[in-house]
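Heads up: the structure comes next, in structure tokens.
The values are calculated or read from the model by the stated rules, or taken from the named source; none is laboratory data. Note that the structure is a prediction, hence the values are computed from the model and not measured. So basically every Cβ, Gly included, is an ideal-geometry build from the backbone, and we count neighbours across all protein chains shown.
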There are 4 protein chains.
Amino acid sequence: MGLTIGVDIGGTKIAAGVVDEEGTILDTCKVPTPPTPEGVIDAIADAVRTVSTDHQVEAVGIGAAGYVDNKRATVLFAPNINWRHETLKDKVEQRVGLPVVVENDANAAAWGEYRFGAGQGHDDVVCITLGTGLGGGIIIGGRLHRGRFGVAGEFGHIRVVPDGLLCGCGSQGCWEQYASGRALVRYARQRAAATPDAAKILLGLGDGTPETIEGKHISEAARQGDPVAVDSFRELARWAGAGLADLASLFDPSAFIVGGGVSDEGDLVLDPIRKSFRRWLVGGRWRPHAQVLAAQLGGKAGLVGAADLARQG
Amino acid sequence: MGLTIGVDIGGTKIAAGVVDEEGTILDTCKVPTPPTPEGVIDAIADAVRTVSTDHQVEAVGIGAAGYVDNKRATVLFAPNINWRHETLKDKVEQRVGLPVVVENDANAAAWGEYRFGAGQGHDDVVCITLGTGLGGGIIIGGRLHRGRFGVAGEFGHIRVVPDGLLCGCGSQGCWEQYASGRALVRYARQRAAATPDAAKILLGLGDGTPETIEGKHISEAARQGDPVAVDSFRELARWAGAGLADLASLFDPSAFIVGGGVSDEGDLVLDPIRKSFRRWLVGGRWRPHAQVLAAQLGGKAGLVGAADLARQG
Amino acid sequence: MGLTIGVDIGGTKIAAGVVDEEGTILDTCKVPTPPTPEGVIDAIADAVRTVSTDHQVEAVGIGAAGYVDNKRATVLFAPNINWRHETLKDKVEQRVGLPVVVENDANAAAWGEYRFGAGQGHDDVVCITLGTGLGGGIIIGGRLHRGRFGVAGEFGHIRVVPDGLLCGCGSQGCWEQYASGRALVRYARQRAAATPDAAKILLGLGDGTPETIEGKHISEAARQGDPVAVDSFRELARWAGAGLADLASLFDPSAFIVGGGVSDEGDLVLDPIRKSFRRWLVGGRWRPHAQVLAAQLGGKAGLVGAADLARQG
Amino acid sequence: MGLTIGVDIGGTKIAAGVVDEEGTILDTCKVPTPPTPEGVIDAIADAVRTVSTDHQVEAVGIGAAGYVDNKRATVLFAPNINWRHETLKDKVEQRVGLPVVVENDANAAAWGEYRFGAGQGHDDVVCITLGTGLGGGIIIGGRLHRGRFGVAGEFGHIRVVPDGLLCGCGSQGCWEQYASGRALVRYARQRAAATPDAAKILLGLGDGTPETIEGKHISEAARQGDPVAVDSFRELARWAGAGLADLASLFDPSAFIVGGGVSDEGDLVLDPIRKSFRRWLVGGRWRPHAQVLAAQLGGKAGLVGAADLARQG
């Protein structure tokens, strides 16, 4: 099979791209995400048609946040768009006249990194995506592990603190409440409020109040050595690394890939994650250690991965 | 391939058995576990020779507690026997003249249940063994998931309580400190010490002091309705079920199998585990639920599973 | 000194009452709580004037939620009303021409119970108030313990779960997130959503959805034996009792008094609190146990206590 | 009253000293702690007689680890010596012919610091002693707060981690498992085992293995900048400071005093404790902050405090 299209549905934009067998994006288009569930489907179809006009494409892969059934056809539940048992594959196929597969977005991103990014050369890879929340994807023996019902790899919602922070999913103590972009901002705001003297650089990047601290301020302040910003990254890394150690006990991959916006900071965040991983890896003296790698494809991993998964049929 | 031998190395006994293709044990023998690492290897060889005299056997599978490398040849680390990078496969092959594979004991037991026990008819199964500690095994797509380095499925040592109970592995808050036979005894002793009035039946089964409460007393007292015994099982079930909910988020199997001595109590412990599993399953309204099944092979699962894995080569 | 006035500032109503030396309320009046900080002060003055027309009163005691300075004059911080370093004593004295003392509302309620309710006959009493949140008051040697800066007894915000639930105070894991009316409702909603079959009675009292469950439904359903409602009270009691055990290690009172709306359920909630208290009391075999008593004055404790504290000058 | 004797019963030594009204020790003697409960009583009497030969003394104060009843006469329970309801006051009075009072050792140390050490000028002081374990003492309004039954101030056993580390007291998650000399050693050993590269200085001070790391090594290595040693102190400080923040919510003292062997390191440990205290102090923007002071009397605080409490009668 030659060219395929990958679609990435984000909270504000829908991106579609024509991707070749080497994972190169030949053409892309972006449209704003419509507010209604049906509108999103129309927008996906429009984007696919737009981007495919100049190319001979053979299939479409769509990456969507939420639970996708194991036939890769129906979105069981999408947290952001109001899709409940939405037959996305059928509806898009009818509109665009191409075979469509639907994938969980974090799975698609993991596949992209495995095939064309940091995971090349590894057969057993576990990816975590530290974005606003925390997503995950699992490659075992060169195959994407979707689970019996299609909902494997929901790392963000394993419980890391009993009776812990309330999560949007209704549960408490979910990993993504402690290791994600949103968690990072909470760490920085709490610390800046408690010890403003130590957060002068950080507070100076916003309007001076803890409430206005954003992720970009924390990154910038950490690079300038602000103690509260550095400490906030460390706290995030503590939780991320401890979770990776658990995933090593469970999956035992040869490599972990850390992606998502938080990982854009590179070794500023990767090094403390590696340190925490080693700290908490059970039996670390008696076993080979998995590598902890930074993702390479950035925000394109999901689109490229979805396109490639569509190619595989 | 016809008959194979399975070997199960326990803390006090080594059991060997000739097993046919249907998982039936045709012949067995047991010897005490010697105190030295080298003695254990000799005892394994003796047991294999003894049990194979009347049968034409083609291979040997050994289930051992600890980390086994992904070539199924070397025990990297055994917690109970002092094996460190022990080339068990080679040594036993030299002694018995048959092909040998070494497997983690909980993996072997999971495989036994998958092939001949509660897991029949399922392709994606996750097993937990609630014995003295907590072991695990993973079947994905009908294959045992050993991990890249052979040490996947070490469920007992994922961290369920940050800064929690010290574990023999050197880490803190490991799942097996909260969901295992040892945990059950701790729950009962603590509660009986704090509220002896509510533990009259339970305390009456030992010598009247909390320190002498054993697992068998708790089972017996729970059947008689002792509130402290019932509550101890509930506490165990709370942790076991919450952990299964996490495993569902990670692996998404069609069934969980709960084995080990604690599961011998059947629905007395399985029902509260199921309840806790549903309580903590993230997104439970939007996804099919995995079944939570009692193991069927009891203490023979490891031996039968090891024999079958040897057959598969 | 003869008659004094107690004032209780609630979220929706301000109550004032004339109280005699035996703690009997002779006259009361209630006014709605105005929306502005200054308006509240005017309303307090109005209520005091109204209720004192037919009585010869000598002083006014005001119970206010928040931090009150140790001179009993200034509200440093009120969470509900927008008071920050508000000189409440001076402003009300100017308006009503009587000596005024300001007290933390939970302190006032504790004092009321100590003098005229469940605490009579005890010299060392610790009170907790399980209302929407969790408040506390401490009597040591027959004296109210206000602390060096006036802000002692803020039990609701001790940390009982590291990295736990976010609290309105900005911290995490505060006791009131686990033991309060609000916590009770959360327990019931989460459990009813996860296991609706077990919550039939409870769900039937609202509109059938977990989101509409209120405290009164939980009480009613628990009395009817609904398992989820009973379990929700037990969870609350688990946290309340464990916290009292800590307070026993710290203060070692002869009695605890449990007040607030949750305690209106009497032994339905008090008995499991006592059980949990005994379960977690350190050294319980070697020390006398404090009693755990139900409050007796209900919602009037604060008003009566404030009036009596004003009398003491 | 003029001179009194203070006695400090340690695990290996019993120290007695003659103390004047200014808290100056005029004469001391030390004897090894005998192995039997009755032997300890004889040794106390011997030490008192020895030290009092050259002085006119009027009373004896004994500081003992464990629960002391509120008459200051009977040791209800001593964790180290096998005293259970031991009538220590009577037995020593019979042997030495002087009035005797028995005090909890941490209470005595707190009193010593309050009267002659870091607490001078404060009326409301809370002391914690970070020794092998964690002890506490409370001064309210210039008086030692013993509690109704004599067992107040047992800070070491408040629960800071639900389901946390097992404590010698039989409970779990006690503060002293996270903030004490023993905890510090555990932190250092765990980290050195997990990341030996980062612990080179620390490991070089012992025999190179994590198991031989002692407190003195950690102090020395921290001063040399060893990252694992520094991080271990930080972890201890994190827990100590968070606990002090809770004590501020409860007692609201004007000052905390941190004593015990761990505090000998001065600002190396005090500064991170202060930082953590500010980090976790609830409502920190709206209230005066208690000072966090280093103890001044070192290991003599208990002896001097016991002597002074005997003087007060």
### Message
Condition (residue is charged (D, E, K, R), touching a Gly at 6+ places or on another chain (Cβ under 9 Å), within 13 Å of another protein chain (Cβ to nearest Cβ) and farther than 28 Å from A:N70 by Cβ) applied to the range A:155-163: is it met by at least one residue?
### Response
yes
### Query
With respect to the numbered conditions (1) in contact with a strand residue (DSSP E or B) (Cβ under 6 Å, 6 or more places away or on another chain); (2) at the interface with another protein chain (Cβ under 8 Å from one of its Cβ atoms); (3) modelled with pLDDT of 95 or more, which one is the sole condition not fulfilled by A:A118?
(2)
### Summary
Quick count over the range B:218-238, residues being buried (at least 24 other Cβ atoms within 10 Å of the Cβ), part of a helix (DSSP H, G or I) and of a type outside the set (A, V, I, L, M, F, W, C), is 1
### Matching residues in the range D:1-49 - criterion: being polar (S, T, N, Q), under 24 Å from D:T74 (Cα atoms) and surrounded by fewer than 16 Cβ atoms within 10 Å (Cβ to Cβ)
D:T12, D:T36
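Counting only residues that are hydroxyl-bearing (S, T, Y) and in contact with a His (Cβ under 6 Å, 6 or more places away or on another chain), which one in the range B:242-293 is nearest to A:V68 (Cα to Cα)? Can you show your working first?
In the first step, residues of the range B:242-293 are kept if they are hydroxyl-bearing (S, T, Y); the result is B:249, B:254, B:263, B:276.
Next, only the ones that are in contact with a His (Cβ under 6 Å, 6 or more places away or on another chain) stay: B:249, B:254.
Working: B:S249: 13, B:S254: 16 Å.
Ranking the qualifying residues of the range B:242-293, first place goes to B:S249.
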### Query
With respect to C:D207, is the statement that it is away from every other protein chain (no Cβ under 13 Å) and either surrounded by fewer than 20 Cβ atoms within 10 Å (Cβ to Cβ) or out of contact with any Cys (no Cβ under 7 Å at 6 or more places or on another chain) (or both) true?
yes
#### Entry: Residue satisfying all of: in the range A:126-146; surrounded by fewer than 24 Cβ atoms within 10 Å (Cβ to Cβ) and either more than 20 Å from B:P288 (Cβ to Cβ) or of a type in the set (G, A, S) (or both); farthest from the chain's Cα centre (by Cα) among these
A:G141
### Task
Check whether at least one residue in the range B:90-102 is more than 22 Å from B:G131 (Cα to Cα) and modelled with pLDDT under 95, and report yes or no.
no
### Query
Can you name the residue in the range C:282-306 that is within 30 Å of D:W83 (Cβ to Cβ) and modelled with pLDDT of 95 or more and is also surrounded by the most Cβ atoms within 10 Å (Cβ to Cβ) among such residues?
C:A290
### Task
Filter the range A:10-30 for residues that are modelled with pLDDT of 95 or more and over 15 Å from A:R49 (Cβ atoms) and give the result.
A:V19, A:D20, A:E21, A:E22, A:G23, A:T24, A:I25, A:L26
### Summary
Reported set for the range C:187-213 where residues are more than 18 Å from A:G170 (Cβ to Cβ) and of a type in the set (D, E) is C:D207
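Scanning for something under 22 Å from D:R146 (Cα atoms), not in a loop (DSSP other than H, G, I, E, B) and not β-branched (V, I, T), does the range D:38-58 turn up at least one residue? Steps first, please.
Taking the range D:38-58 and keeping what is under 22 Å from D:R146 (Cα atoms), we get none.
Checking the range D:38-58: not a single residue is under 22 Å from D:R146 (Cα atoms), not in a loop (DSSP other than H, G, I, E, B) and not β-branched (V, I, T).
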### Message
If I ask for residues that are more than 18 Å from D:G11 (Cβ to Cβ) and of a type in the set (S, T, Y), which ones from the range D:32-71 would you list?
### Response
D:T50, D:S52, D:T53
### Task
May I ask you to list the residues in the range C:137-165 that are touching a residue at least 40 places away in the same chain (Cβ under 8 Å) and among the small types (G, A, S)?
C:G147, C:G150, C:G153
### Summary
Those residues of the range C:251-278 which are of a type outside the set (A, V, I, L, M), at pLDDT 95 or above and farther than 24 Å from C:A152 by Cβ amount to C:D271, C:P272, C:R274, C:K275, C:S276, C:R278
### Query
Can you find a residue in the range B:265-278 that is touching a strand residue (DSSP E or B) at 6+ places or on another chain (Cβ under 9 Å), among the polar types (S, T, N, Q) and in the same structural domain as B:L184 (by TED's automatic domain parsing)?
no
### Query
Counting only residues that are farther than 17 Å from B:C167 by Cα and charged (D, E, K, R), which one in the range D:150-202 is surrounded by the most Cβ atoms within 10 Å (Cβ to Cβ)?
D:E176
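Would you mention how many residues in the range B:251-290 are assigned to a helix (DSSP H, G or I) and of a type in the set (A, V, I, L, M)? Talk me through it step by step, then tell me what you get.
Step one: list which residues in the range B:251-290 are assigned to a helix (DSSP H, G or I), which gives B:251, B:261-265, B:267-280, B:284-286.
Those left that are additionally of a type in the set (A, V, I, L, M): B:262, B:268-270, B:273.
Of the residues in that region, 5 qualify.
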### Task
Tell me, yes or no, whether the range A:270-278 has at least one residue that is on the phi < 0 side of the Ramachandran plot, hydroxyl-bearing (S, T, Y), more than 14 Å from chain B (Cβ to nearest Cβ) and touching a helix residue (DSSP H, G or I) at 6+ places or on another chain (Cβ under 9 Å).
no
### Task
State all residues of the range D:31-43 that are modelled with pLDDT of 95 or more and acidic (D, E); if no residue qualifies, say none.
D:D42
